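Visitor: One structure, pasted below without further comment.
The values are calculated or read from the model by the stated rules, or taken from the named source; none is laboratory data. Quantities reported herein were computed from a predicted structural model and do not represent experimental measurements. Using ideal geometry, Cβ is built from the backbone for each residue, glycine included, and neighbour counts are taken over all protein chains shown. Surface areas here come from the heavy atoms of the whole protein model, side chains and all, with no ligands, DNA or RNA. Shrake-Rupley method; radii C 1.70, N 1.55, O 1.52, S 1.80 Å.
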Amino acid sequence: QVKLVESGGGLVQPGGSLKLSCAASGIIFRSSTMDWYRQAPGKQRELVAQITNYYTTNYADSVKGRFTISRDNAVNTVYLQMNSLKPEDAAVYFCHVLGLSDWGQGTQVTVSS
C-alpha cells in the first residue's frame, strides 16, 4: 500500500522560506520519480517540480530559481525547499509518485503579510 505523508507547510510572509517534506512508503523509492504538485482554491492541480531516480530535476517556470527539489533515498523522503515565496505560491502542496494514482493529504502553504 502506497503511503505519502507531506509536512512542513505553514504561514510565511512574502519573501520568506519553507521546506516541505514527503515521506513515502509502499514503493521502491530509490527507483521512483517523485513530483511535487500544488493546488490553489479554484485552480487545477499543477506540477511544481520533479526529481527522477537519477536526480534529474525539472521545475515549473513559475518557481525556477526559487524552489529546489531534492531526495534522500536513505529515508525515502523527497523535499521541496521554497525560497522567495510569493502570495501566488499559496496552495496545498502534494507529493506524488510518477505513474501511480496515489496522493497524500497535502500540506497547506499560506503566503501572507
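Visitor: Kindly sort Asp72, Asp89 by accessible area of their heavy atoms, largest first, with the probe set to 1.4 Å.
Guide: Asp72, Asp89
Visitor: Put Val48, Val92 in order of accessible area, largest first, 1.4 Å probe: what do you get?
Guide: Accessible-area ranking of Val48, Val92, largest first: Val92, Val48.
Visitor: So, one more: When ligands, DNA and RNA are left out and all protein chains stay put, how many square angstrom of accessible area per residue does the chain have with a 1.4 Å probe?
Guide: 53 Å²
Visitor: Mind listing the phi-derived Karplus ³J(HN,Hα) values for the range 83-98, rounded to whole Hz, using 6.51, -1.76 and 1.60 with θ = phi - 60°, and x for any glycine or proline?
Guide: 10, 6, 5, 10, x, 6, 7, 4, 4, 8, 9, 10, 9, 7, 9, 3
Visitor: Compactness ratio of the range 25-113: Cα Rg over 2.2 N^0.38 Å, N = residue count?
Guide: 1.07
Visitor: Enumerate by residue number the trypsin sites (Lys or Arg not before Pro) in the range 13-49 meeting two conditions: DSSP loop (anything except H, G, I, E, B), and at most 12 other Cβ atoms within 10 Å of the site's Cβ.
Guide: Lys43
Visitor: So how much accessible area does Ser62 have, in Å² to the nearest 10, using a 1.4 Å probe?
Guide: Result for Ser62: roughly 60 Å² accessible.
Visitor: Shifting gears a bit: Residue by residue through the range 57-65, which ³J(HN,Hα) values in whole Hz follow from phi under the Karplus form 6.51 cos²θ - 1.76 cosθ + 1.60 (θ = phi - 60°), with glycine and proline marked x?
Guide: Going residue by residue, I get 10, 9, 9, 5, 4, 5, 10, 4, x Hz, with x marking Gly and Pro.
Visitor: Show me, for the range 11-20, the HN-Hα J-couplings you get by feeding each phi into the Karplus relation (A = 6.51, B = -1.76, C = 1.60, θ = phi - 60°), rounded to Hz, glycine and proline as x.
Guide: After applying 6.51 cos²θ - 1.76 cosθ + 1.60, I find 9, 9, 6, x, x, x, 10, 9, 10, 8 Hz.
Visitor: Leaving ligands, DNA and RNA out of it, report the carbon-plus-sulfur percent of the accessible area of the chain at a 1.4 Å probe.
Guide: 48 percent
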